[in-house]
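Below: the structure, in structure tokens.
Computed from the coordinates by the stated procedures, all read-outs in this text should not be read as laboratory data. Just so you know, these numbers come straight off a predicted model, no measurement behind them. Neighbour counts run over all protein chains shown; Cβ positions are idealised from the backbone, glycine included.
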Amino acid sequence: MGTERMTEIEEEGKRAFAEAGSDEVLRELEVRFFGRKSELTAALKGLKDLSAEEKREIGPSIQGTRTVLMEAFVVAKERVEREGRDWESERIDVTAPGIAEPLGHLHPITTMIAEIEDIFTRLGFDVADGPELENEFYNFDALNMPSDHPARDMQDTFWIESEGLDTRYLLRTHTSPVQVRYMETHVPPFRIIVPGRVFRNESTDATHEHTFHQFESLVVGETGDVTVGHFKHLAETFFAEFFGHKIDVRLRPSYFPFVEPGFEFDISCVFCDGKGCASCKGIGWIEIGGAGMVQQKVFEAAGYPRGKYQGFAWGFGLERLAMMKRRIPDARLFMSGDLRFIRQF
Ligand code: DAH
């Protein structure tokens, strides 16, 4: 087979590839020109039987033809592919608005903590915090609840195995321990709030969750400067801001070891404005939290001299308020992780 034949094959192939209009035809041409039984393959195979001189003469033209046809094949393949595409259906409108990625957002409790902090900071309060894994001293003893004190039973506690440690650890049952922690490092006068997560080892129902949130507040000044009257006014101011309308606060005598005198406080029902409805069971008042004048023993536990300072402390549960403000029927929803609930806020 001579170089002329190679030139013929080359011309023939170039034309055939240039004219090919479909994938199918291309596949046939591929077999015809490069297949095992093609002239080109036969010529390449035949090279080994030729003399060195013949090889030098014809070898390059066989290789050359093959290279040229391979290129023609690749070009044709790209062209056929391009021509076969339905460009209209692939048209992209680059100006069309994108599809929004779903974004997460803050938990309703987190938003409410921020809302409450905002109200109190505008009133000149600082925000303090303390550990959720607390020790017995701050959670109980320093708050005038020694281990034999019956008030300890009021707060079912998750104790942490503390063997070999010099103190017993627990998940804090309230935010009150932060009162003492804060006072250890600050000198009055001050006013603080302490938002925080707390834990109770009790069975859950629509109004009880083992993990929930409290707000503690502590206002301390020199003796004579801070009174129960200040507390009542502060509470009324805060709740009016929080609910967006006037709220009355009433105190009922009660007992908490870390305050004296101690109170429970109610707010006028936010649903009926104190007239009496199903939400307040016809009473017109809703129980919110505990309060009182700080026990001197608590000041002493924090290292303050007895009698020098005077102040009030109060605490309330956050879920309760959130439920009222957002009309949420079940406290367990907050910790449920149910996105259908979370996404409503
Ligand atoms: N720590 C109390 C509780 O969780 C609530 C409380 C009562 C806080 C009276 C106070 C207070 O600051 O003065 O039940």
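What to note about this one:
- Centre separation in Å (Cα based) which lies between segment 5-78 and segment 190-216: 84
- Max-minus-min Cα coordinates of segment 123-220 on each principal axis give 38, 37, 22 Å, with the largest extent listed first.
- Interchain or long-range residues, amide H under 5 Å from Gln295's placed H: Val259, Glu260
- Averaging the Cα positions of each part gives two centres, and for segment 84-131 and segment 224-262 these lie 36 Å apart.
- Straight-line reach from Lys55: taking Cα to Cα under 23 Å and skipping same-chain neighbours fewer than 8 places apart, the lysines in range are Lys37, Lys45.
- For segment 23-129, the equivalent ellipsoid built from the Cα gyration tensor has semi-axes of 76, 21, 11 Å, listed from largest to smallest.
- Calculated over the chain: convex hull of Cα atoms, volume per residue (Å³): 327
- Entry for segment 3-84 at q = 0.14 Å⁻¹: log10 I(q)/I(0) = -0.48, Debye formula applied to identical alpha-carbon scatterers, no solvent contribution.
- Local electrostatic count, Ala206, Cβ distance below 12 Å [Lys/Arg +1, Asp/Glu -1]: -2
- Reachable lysines from Lys325, criterion Cα separation under 28 angstrom, eight or more residues apart if same chain: Lys232, Lys246, Lys275, Lys281
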